[in-house]
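The values are calculated or read from the model by the stated rules, or taken from the named source; none is laboratory data. What you see is a predicted model; the values in this text were computed from it and never measured. Glycine also receives a Cβ, built like all others from the backbone with ideal geometry; neighbour counts cover every protein chain displayed. When the accessible area is computed, the model is the full protein with side chains, heavy atoms only, and any ligands, DNA or RNA have been set aside. Shrake-Rupley method; radii C 1.70, N 1.55, O 1.52, S 1.80 Å.
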Amino acid sequence: MKLPLAPQSAAPWRRLACAFLAGIASAASASAAVVPGAEPKDFPPNPAQHRAAVHREAPDAAQAALIAAAEAALPSPDKRPPAASPADPSAPPADPKVWWYKEELGLRIPFALTNQALAYYTKIVAQYAQQSFKRYTQPSSHLDYRASVQAHAQFSLDGRAFQEVKVVTLKLTFSENFAATATEGLQFTKERLVVFDSAGKILHISGDGPTEVPILAI
């Protein structure tokens, strides 16, 4: 769905881009017009506009091992959204390790937050940082990833009750603004919770499934 916007100058769509990057854009796709007569400019590589931050809060080896296990856990097959079309060349292969289910603007969209997903988006941002662009405005991209472990005597999730467990929370936020294409951008946040028993066995995974991806177009 497109929400038409008709600014009279460059300022409105620039404000829209800022709102988009801050995470306040509408969940629906948004569009605006390029200013009449505007020409794309050459932008040399600019690492300052493409940042990736990865934080794993693990004060000891045991917690680090739990985070690694949560990141490596296979995606839940019953949570995989259907591909747009089995014949779509951009559809993911039938592989239990595959963490994405579709593409938007040529970028893979996750249904499960795994170590492979993190590696993919980290690489994308690093590539953008070294890339030259021809765009209407300065392109940018951002990745923020955080992983932490919390012990619970009692814990409820998705209608299930657990006792004496440790819960790993993985959260990734990714955005790109006019980097994948000249006139579009996207952003999303993906979270995964993995419940472990006292022996380190996975009892439950929550968060795998479709991902809402707002799209900005100018």
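Quick look at the numbers
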{"quantity": "Sole exception among (1) surrounded by 15 or more Cβ atoms within 10 Å (Cβ to Cβ); (2) modelled with pLDDT of 80 or more; (3) under 30 Å from VAL194 (Cα atoms) for ALA25, by number", "calculated": "(2)"}
{"quantity": "Residue in the stretch 133-149 that is in a loop (DSSP other than H, G, I, E, B) and open to solvent by 50 Å² or more (accessible area, probe 1.4 Å) present", "calculated": "yes"}
{"quantity": "Index of the failed condition, ARG14 passing every other in (1) open to solvent by 40 Å² or more (accessible area, probe 1.4 Å); (2) modelled with pLDDT of 65 or more; (3) part of a helix (DSSP H, G or I)", "calculated": "(2)"}
{"quantity": "Matching residues, the stretch 198-216, being among the aliphatic types (A, V, I, L, M) and modelled with pLDDT of 95 or more", "calculated": "ALA199, ILE202, LEU203, ILE205, VAL213, ILE215"}
{"quantity": "The listed residue being under 17 Å from the mean Cα position of the chain (by Cα) and modelled with pLDDT of 95 or more, out of ALA73, ALA52, ALA69, ALA64", "calculated": "ALA52"}
{"quantity": "Residues satisfying the stated conditions in the stretch 199-218, i.e. out of contact with any Lys or Arg (no Cβ under 8 Å at 6 or more places or on another chain) and in a loop (DSSP other than H, G, I, E, B)", "calculated": "ALA199, GLY200, LYS201, PRO210, GLU212, VAL213, PRO214, ILE218"}
{"quantity": "Pairs, first part of a loop (DSSP other than H, G, I, E, B) in the stretch 82-93, second at pLDDT 65 or above and β-branched (Val, Ile, Thr), C-beta under 9 Å, six or more apart", "calculated": "PRO92/VAL98"}
{"quantity": "Condition check for LYS171: touching a Phe, Trp or Tyr at 6+ places or on another chain (Cβ under 6 Å), open to solvent by 30 Å² or more (accessible area, probe 1.4 Å), modelled with pLDDT of 95 or more and of a type outside the set (S, T, N, Q)", "calculated": "no"}
{"quantity": "Residue that is within 19 Å of GLN49 (Cα to Cα) and either open to solvent by 20 Å² or more (accessible area, probe 1.4 Å) or touching a helix residue (DSSP H, G or I) at 6+ places or on another chain (Cβ under 8 Å) (or both), where the choices are GLU176, GLU191, GLU212", "calculated": "GLU176"}
